[in-house]
Amino acid sequence: MADSSLKEQLGNAVKTAMREKNKDRLVTLRMAQAAVKQIEIDERRELGDEDVLKVLDKMLKQRRDAASQYDEAGRGELADKERAEMAIIEEFMPVALTEDELDTMISAAISAAGAQGMQDMGKVMNELRPQVVGRVDMGLLSKKVRAALAG
């Protein structure tokens, strides 16, 4: 898996889903592929793995939000569809960080940024962002950083 780019992995997964006639999987993978392609066209550049991860991470966040809204509205079947799409997208994401790994990274980033308090939150987040993209929910990360800086 690590030897080919994420874009290639997406392309191969699309081909496999087509061969297996797995329509739901195919639709989700093509959506991801289209999102990547759209950014490449808009920005006139080839996206690397880190950029593709950002696109996939954004797609996951959208689906997480939609699923919770559908749950609140009592539309379980639509929420389940969003969660199924999330599961497919998550296959391409790096392994999530454990709480301990995250806490260690936050401590290291606070030291590296020379952060003294809340006013340095931006510096700490900028230090962490490239290391954690796709591996942790950014909302959770900012809560943990805020708590570490406050306490």
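The values are calculated or read from the model by the stated rules, or taken from the named source; none is laboratory data. In this text the structure is predicted, and so the values were computed from the model without any measurement. Methodologically, a virtual Cβ is constructed for each residue, glycine included, from the backbone with ideal geometry; neighbour enumeration extends over all protein chains shown.
One residue stands out in region 95-117 among those that are outside any helix (DSSP H, G or I) and among the β-branched types (Val, Ile, Thr): the one that is farthest from residue 151 (Cα to Cα), namely 95.
In the set 80, 71, only one residue is loosely packed, with under 14 Cβ neighbours inside 10 Å and either modelled with pLDDT of 95 or more or not in a helix (DSSP H, G or I) (or both); that residue is 80. Within the set 59, 86, the sole residue that is within 17 Å of the chain's Cα centre (by Cα) and more than 25 Å from residue 145 (Cα to Cα) turns out to be 86. Once region 27-61 is narrowed to residues that are surrounded by 14 or more Cβ atoms within 10 Å (Cβ to Cβ) and among the polar types (S, T, N, Q), the residue that is nearest to residue 12 (Cα to Cα) is 33. Beta carbons closer than 9 Å, at least 6 apart along the sequence or on distinct chains, pair a first residue in region 107-125 that is at negative phi with a second that is assigned to a loop (DSSP other than H, G, I, E, B) and surrounded by 18 or more Cβ atoms within 10 Å (Cβ to Cβ) for 109/115; 121/115; 123/115; 124/115.
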